[in-house]
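The values are calculated or read from the model by the stated rules, or taken from the named source; none is laboratory data. Owing to the predicted nature of the structure, the values given are computational and were not obtained by experimental measurement. We place every Cβ from the backbone using ideal geometry, glycine too, and count neighbours over all the protein chains shown. When the accessible area is computed, the model is the full protein with side chains, heavy atoms only, and any ligands, DNA or RNA have been set aside. Shrake-Rupley method; radii C 1.70, N 1.55, O 1.52, S 1.80 Å.
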Amino acid sequence: MAAFAGGDDIGAVVAEIGHYSTKIGWAGDDAPRSYFPSNVAVLRQGDKSRRIQGVCHDFYTHPIQRKTFDDGNWETCNPIDPTSGLMYDPDSTQGADGFDLLRDFLHHGYSTALQQAKIEEHPFLMIERSYNTPAIRQQTLECLMEEMNVPAAFIAKDAVLMCYGCGRTTATVIDIGHSGTTVTPVFEGFAETKGIRRSPTGVHAMDRLILERLDALYKTKQPAAHDGIRPLYQVRPVQQYVDPEGQSLPRPQRRPSIHFAARMELARECREFGAGAAVNITDTAFHAPSKSFTLPDGTVLDVPSVDRFAAADLMLGYSPATVELREMHLEDCRSNLKKIIEKSQYDDNDDDEEEKSEKDDKFSEEAAVGLSKRRSKQPATQKQKQLSSRLFSNRQLNRACTKHLQTLLDDQLTASPLASMVCDAAYRCDREQQAALLGNVVLGGGGSCLGPTEQAVPDYLRDQIESLIHAHTPGWRVRLLTPSLSERAILSWLGGSILGSLGNFHEMWISKQEYEEWGSAIVNRKCP
Amino acid sequence: MTDIAEILGVKSAPQPIGNNKPLLPKPHSDLTGSATELPTTVPTFVRIGNRQINPHKPARKWTWAPFSSSSRPDGLLLNHWVRANVEYPDYPYARFDIHLDPVQYTIEEYKAWLTSEDWSQSETDTLMEYARIFELRWPVIHDRWCAVCPPRPVEDLQHRFYTVAAKLLQRRVSHEAALETKALEAVAADSNAEDPKLLLETAAARSLASSDPQHQPLMQHLGTGTSNKVFDLAYEKERRAHWEALWNRTKEEEAEELALRNELKQVETQLRKLKKRGAHVVAANGTAASRAATPIPAPEVAVQQVDQAMATTAPTPVPGVPYLQSARLVLPATGGETGISKALVARMEALLAEMNVPSTVIATKRACDLMDTVRRDALTWLLLEKQVIQREGVLRARRLKLAKMGGNIRVVDEETLLGIAPPPAPRPKPVTKAPAAPAATAAAAAPGKAKAPVSKTATGSKPAAKKPAATASSSSTTAASTGAPTASTATSSIDAKTKKPAAKRKRKSEDAPPALPNAAPSSGDVASTINTKPKKKAKPGTTKETSSVSTSVAPKAPPAAAAPAVTTQKENSPKKE
């Protein structure tokens, strides 16, 4: 044992389920073993409950059911709700898709990449959003403890882990994610909730913009096409679709959600491997050369530099067109959130008393702030637990989350550019912290991997932040910390890997026994 | 293809010594050639850093073994890699499990001492819990607080937390002191002896028990990070207000401050330069000796000086040598003992030029005489002007000094101050603080008095000082650690120790009159002690000295008073021992 050098390998597993990708791996490694898209195709039961029957992890290019080619009933599903950015299903009242998928993802990751390790044998570190609501954390812990049966678990905030990944404990953390961009001030390892700023423009919005541009470009090349660029499965030669007897089958029809996901995948490819999105560092948009991108049907598109810069500008820029676009995204997000809140309030009205009493037990105010009392009654049997958690949890969850979603709507959502979000987040904290918070700014998340050079985004951001804060405090310097391009997208996972392999982290785990004793509310006390 | 071994005439590859088994399995048995049959060269020793590793020895075994840690109450069993056959007494990282102790109180304690109009008990409970969980990181506590309870400013949270902790600690200290008093009194009654040390200690404990809690000596509880002194809310609010004001400054204000700072810096460098040159700054506000160093000459001297200077350069007619009137037009002599400075001559020329006096005239006797007179007058005037400026400076400095001394004396006539008039008869020194003076002198005399017996009876005081500490340690379970070293060290250190409280007393008594009305506490005992000696402060140690103990033993009181304080603190935090 490397005594006190810091690490002690206890075989912990670190997992992060993001809106775009899921990362699972051993704590102490320098990259996750398993990295797969979170957007999956699911087949639901036909009945009213619409429980998930089957999950397909790789549906973009291949037929989902290779034997029967019966793809028509599959649709995409994501454990993360894009509006709130949480593992939360506002639409379903019966099963909770997020938690069903969580179970499936873990099984998938463990079986494919972790040498068939048993979930019951390894402590499990789950990474969550820093603005996650207490009720969802409780539900996650319950799912891990009762359905997955992990021996010990911990739920850590991604912003804090990003800080750790860059070797800091106090910093303002920028996370440019898929479903949105979040800025969180972190003070000595604790995320400051009052400073969190969130914008709905993330990589997803960027890809949608690129998709629109690609469609427009495609139309100039192929005037006959009326539905934009076509994904791979639509252009695959017909003779590939043959049944086991050798008879060719008609080209399968897929649901719109799958079609859209496949088209978005093309936009992502264009961004990552083709034309690429880039920060306009030289301000010579019209002289930069265009780049070509080949579509699956062989069409070669010349993506002009304006389009590439526009995509990056969506998050960073100040130009009127981008500001308008951002406002539009914000309005979309707001209206969706309002709908969710209204719906849960509507649900509230047709409650019966029994449910209410149970609600007080589990997602109470006290539980949410981590001041819960010891669980008085004996833990229920396995069957009862499953029944209670599965049948009623979603309504309760909706109700318990409403307050936090309202906060998100009123307070945290913004459409301002990234640099102002950073300053705003730091200025919402105590005066005495601000210099330290702005002194270190950590940049991470997949959206920060923009070109044209590795340091383009950090440098651009630092200049903007400094020009903003120097209006007030001319002496302050901003240090922008970010790992190399290959590690930016998994920065929070890396932080989790560091944390999970620390020797003195051992006392922080929530053990099975503690869960039995205190109930799921212990997560809000032990993982602040 | 020919094998290289055949070319070289080697039959077969040499076998490794001692072990005929191939060290590595052949990766591809279908490959032919000597490369696969060559021995793997295993070095006999490998150095890694300072360690030598013998690769032929089998490696030490590691096992994937379950472990539990003493830092976890639930005994969670996880696995990790450890050396096989090694016993670990505890998880090595368990020693890093350090947390704050919670500030705890019972419901009765809360009702008796801690009730507040602004704070309910549940809010207070929440605050205490958060302070423990977040280990006094106030920004974080405030952040979580605002999510749960009605928002309050962070300094209010701090104030409540530290006030509750301080009140609890004060009550507990008083309580402990009362218990100790009782125990000591019982001992005194038993032994029935007039042991002065025992009496002294009893008195110290009694005064600590009965005094107003706010006058207790500072005691810190390291386990909870609190002390028995109340958080200064007003100061904290003011500090934050200043911070806010600083933040909200406009750019203009900032620029103005910057300019002022630069100006101040310039003035300071100027002053430093002047000081380096010594001279007038020292002279202006300095002593008689330094004033004597650069005397300001009398006005008549100026006239003489000018005459001499003019005389040295003016040519005297010598028989047989041609005498030119124009020779009289040269400038007066500069430098030397009697000469005047070049700068003065330059100023004179400037003055004459200003008044349109031509520098060259037709050198007749009359013109030269006139010229001489004009120049002489100009020089004299300049010298006198300089003297006036100097004397004004002296006058200003003296006035300042006078104001500093607090004098409201009528200013004497300027001539006296300037030193022109003959010095007046010496007068008595001004009396500034007539009412406070006796107290101050009495207090100033106190340290000397207190010190004298100790230093004289050096050998006698040594065991005497040791005794209270020893009894203190016997009366309580833990040793009084601060008392013991003081007693055992030499008399010089006792002197050093005793000087401190005496000096403090002096300072206190100086500002005693204004502090007295505030210091009158509600507690009857303390009030009575104060009434008997109104000049002294109501600090526990000092009141005891003045009221019940003679001055010769007074210096030894502080260690004895500190003894119960230390014991109570230790009993409050047994965990950290």
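Pick out the one residue from B:A327, B:A309, B:A333 that is buried (at least 16 other Cβ atoms within 10 Å of the Cβ) and in contact with a Pro (Cβ under 8 Å, 6 or more places away or on another chain). It would help to see each step written out before you state the result.
Working: B:A327 fails: buried (at least 16 other Cβ atoms within 10 Å of the Cβ); B:A333 fails: in contact with a Pro (Cβ under 8 Å, 6 or more places away or on another chain).
Among B:A327, B:A309, B:A333, only B:A309 is buried (at least 16 other Cβ atoms within 10 Å of the Cβ) and in contact with a Pro (Cβ under 8 Å, 6 or more places away or on another chain).
Scan segment B:177-197 and report the pairs whose first residue is within 21 Å of B:D212 (Cβ to Cβ) and at pLDDT 80 or above and whose second residue is in a helix (DSSP H, G or I) and of a type in the set (D, E, K, R), with Cβ atoms within less than 7 Å and a gap of 6+ or a chain change.
Every condition considered, the pairs that remain are B:T181/B:R206.
Evaluate segment A:20-29: report whether one residue or more is crowded, with 23+ Cβ neighbours inside 10 Å and either within 14 Å of another protein chain (Cβ to nearest Cβ) or modelled with pLDDT under 80 (or both). Break it down stepwise before answering.
Narrowing segment A:20-29 to residues crowded, with 23+ Cβ neighbours inside 10 Å: A:22-25, A:27.
Keeping just the survivors that are either within 14 Å of another protein chain (Cβ to nearest Cβ) or modelled with pLDDT under 80 (or both) gives A:27.
Yes, the conditions are met somewhere in segment A:20-29.
So which pairs qualify, if the first residue must be in segment B:79-102 and farther than 25 Å from A:W26 by Cα, the second must be open to solvent by 90 Å² or more (accessible area, probe 1.4 Å) and basic (K, R), the Cβ gap must be under 8 Å, and the two must be at least 6 apart or on different chains?
B:N85/B:K61; B:D101/B:K575
Starting from residues that are part of a helix (DSSP H, G or I) and more than 14 Å from chain B (Cβ to nearest Cβ), keep the ones in segment A:411-420 and report whichever is most open to solvent (accessible area, probe 1.4 Å).
Step one: filter segment A:411-420 for residues part of a helix (DSSP H, G or I), giving A:411-412, A:418-420.
Remaining after also requiring more than 14 Å from chain B (Cβ to nearest Cβ): A:418-420.
Numbers: A:L418: 4, A:A419: 0, A:S420: 32 Å².
The residue in question is A:S420.
Of the conditions (1) surrounded by fewer than 21 Cβ atoms within 10 Å (Cβ to Cβ); (2) within 10 Å of chain B (Cβ to nearest Cβ), A:Q464 fails just one. Which one is it?
For A:Q464, the exception is condition (2).
Of the residues that make up segment B:163-171, is at least one within 14 Å of chain A (Cβ to nearest Cβ) and not aromatic (F, W, Y)? Before the answer, list the steps.
Initial filter on segment B:163-171 (within 14 Å of chain A (Cβ to nearest Cβ)): none.
Looking through segment B:163-171, none of the residues is within 14 Å of chain A (Cβ to nearest Cβ) and not aromatic (F, W, Y).
Among the residues of segment B:77-102, which ones are more than 21 Å from B:R60 (Cα to Cα), open to solvent by 90 Å² or more (accessible area, probe 1.4 Å) and within 7 Å of another protein chain (Cβ to nearest Cβ)?
If the condition is that a residue be more than 21 Å from B:R60 (Cα to Cα), open to solvent by 90 Å² or more (accessible area, probe 1.4 Å) and within 7 Å of another protein chain (Cβ to nearest Cβ), then B:F96 is the only one that fits.
Can you pull out the residues in segment A:488-504 that are part of a helix (DSSP H, G or I) and surrounded by 21 or more Cβ atoms within 10 Å (Cβ to Cβ)?
Here is the first cut: in segment A:488-504, the ones part of a helix (DSSP H, G or I) are A:488, A:491-500, A:503-504.
Those that are part of a helix (DSSP H, G or I) and surrounded by 21 or more Cβ atoms within 10 Å (Cβ to Cβ): A:R488, A:L491, A:S492, A:W493, A:L494, A:G495, A:G496, A:S497, A:L499, A:G500, A:G503.
Is there a residue in segment B:134-141 that is of a type in the set (K, R), assigned to a helix (DSSP H, G or I), within 14 Å of chain A (Cβ to nearest Cβ) and more than 30 Å from B:S207 (Cα to Cα)? Give the derivation first.
Narrowing segment B:134-141 to residues of a type in the set (K, R): B:137.
Right, trim to assigned to a helix (DSSP H, G or I) and you get none.
Among the residues of segment B:134-141, not one is of a type in the set (K, R), assigned to a helix (DSSP H, G or I), within 14 Å of chain A (Cβ to nearest Cβ) and more than 30 Å from B:S207 (Cα to Cα), which makes the answer no.
Quick one: B:D190 ticks every box in (1) part of a loop (DSSP other than H, G, I, E, B); (2) of a type outside the set (A, V, I, L, M, F, W, C); (3) open to solvent by 50 Å² or more (accessible area, probe 1.4 Å) except a single one, so which number is it?
Result: B:D190 passes all but (1).
Residue-wise test of (1) closer than 20 Å to A:Y131 by Cα; (2) of a type in the set (A, V, I, L, M, F, W, C); (3) in contact with a strand residue (DSSP E or B) (Cβ under 8 Å, 6 or more places away or on another chain).
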position	(1), (2), (3)
A:S492	yes, no, yes
A:I498	no, yes, no
A:L502	no, yes, yes
A:E517	no, no, no
A:R525	yes, no, no
A:P528	yes, no, yes
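Listed here are the residues, each with its yes/no results for (1) open to solvent by 30 Å² or more (accessible area, probe 1.4 Å); (2) touching a helix residue (DSSP H, G or I) at 6+ places or on another chain (Cβ under 9 Å); (3) among the charged types (D, E, K, R).
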residue: B:A112; (1), (2), (3): yes, yes, no
residue: B:L127; (1), (2), (3): no, yes, no
residue: B:R132; (1), (2), (3): yes, no, yes
residue: B:A147; (1), (2), (3): yes, yes, no
residue: B:P151; (1), (2), (3): yes, yes, no
residue: B:A166; (1), (2), (3): no, yes, no
residue: B:R171; (1), (2), (3): yes, yes, yes
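Looking at this structure, is A:Y233 surrounded by 19 or more Cβ atoms within 10 Å (Cβ to Cβ), at pLDDT 90 or above, assigned to a helix (DSSP H, G or I) and more than 14 Å from every other protein chain (Cβ to nearest Cβ)?
Details: surrounded by 19 or more Cβ atoms within 10 Å (Cβ to Cβ): yes; at pLDDT 90 or above: no; assigned to a helix (DSSP H, G or I): yes; more than 14 Å from every other protein chain (Cβ to nearest Cβ): yes.
Here the answer is no, as A:Y233 does not meet what is asked.
So that you can scan it fast, the table gives a plain yes or no per residue for (1) more than 13 Å from chain B (Cβ to nearest Cβ); (2) within 18 Å of A:D158 (Cα to Cα); (3) outside any helix (DSSP H, G or I):
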| site | (1), (2), (3) |
| --- | --- |
| A:L409 | yes, no, no |
| A:V422 | yes, yes, no |
| A:L438 | yes, no, no |
| A:V442 | yes, yes, yes |
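Which residues, taken from segment B:238-264, are open to solvent by 100 Å² or more (accessible area, probe 1.4 Å), of a type in the set (D, E) and under 27 Å from A:C429 (Cα atoms)?
Answer for segment B:238-264, where residues must be open to solvent by 100 Å² or more (accessible area, probe 1.4 Å), of a type in the set (D, E) and under 27 Å from A:C429 (Cα atoms): B:E238, B:E252.
Identify all residues within segment A:480-521 that are more than 11 Å from chain B (Cβ to nearest Cβ) and hydrophobic (A, V, I, L, M, F, W, C); write none if there are none. Break it down into steps so the answer makes sense when it comes.
Our first condition is that a residue be more than 11 Å from chain B (Cβ to nearest Cβ); within segment A:480-521, this holds for A:480-500, A:519-521.
Across segment A:480-521, the qualifying residues are A:L480, A:L481, A:L485, A:A489, A:I490, A:L491, A:W493, A:L494, A:I498, A:L499, A:A521.
Which is under 19 Å from B:V230 (Cβ atoms) and in contact (Cβ under 8 Å) with a residue 24 or more places away in the chain, of B:T124, B:T115? Spell out the reasoning first.
Numbers: B:T115 fails: in contact (Cβ under 8 Å) with a residue 24 or more places away in the chain.
When all the criteria are applied, what remains is B:T124.
Give the residue that is most open to solvent (accessible area, probe 1.4 Å), with candidates limited to residues of segment B:114-123 that are more than 13 Å from chain A (Cβ to nearest Cβ) and not charged (D, E, K, R).
So the first thing to find is which residues in segment B:114-123 are more than 13 Å from chain A (Cβ to nearest Cβ), and the list is B:114-121.
Narrowing further to those that are not charged (D, E, K, R): B:114-116, B:119-121.
Working: B:L114: 3, B:T115: 85, B:S116: 45, B:W119: 24, B:S120: 51, B:Q121: 58 Å².
Step by step, filter segment B:114-123, then rank; the result is B:T115.
Right, B:D74: facing another protein chain (nearest Cβ under 8 Å), in a loop (DSSP other than H, G, I, E, B) and either open to solvent by 20 Å² or more (accessible area, probe 1.4 Å) or in contact with a His (Cβ under 8 Å, 6 or more places away or on another chain) (or both) or not?
Working: facing another protein chain (nearest Cβ under 8 Å): yes; in a loop (DSSP other than H, G, I, E, B): yes; either open to solvent by 20 Å² or more (accessible area, probe 1.4 Å) or in contact with a His (Cβ under 8 Å, 6 or more places away or on another chain) (or both): yes.
Criteria met by B:D74.
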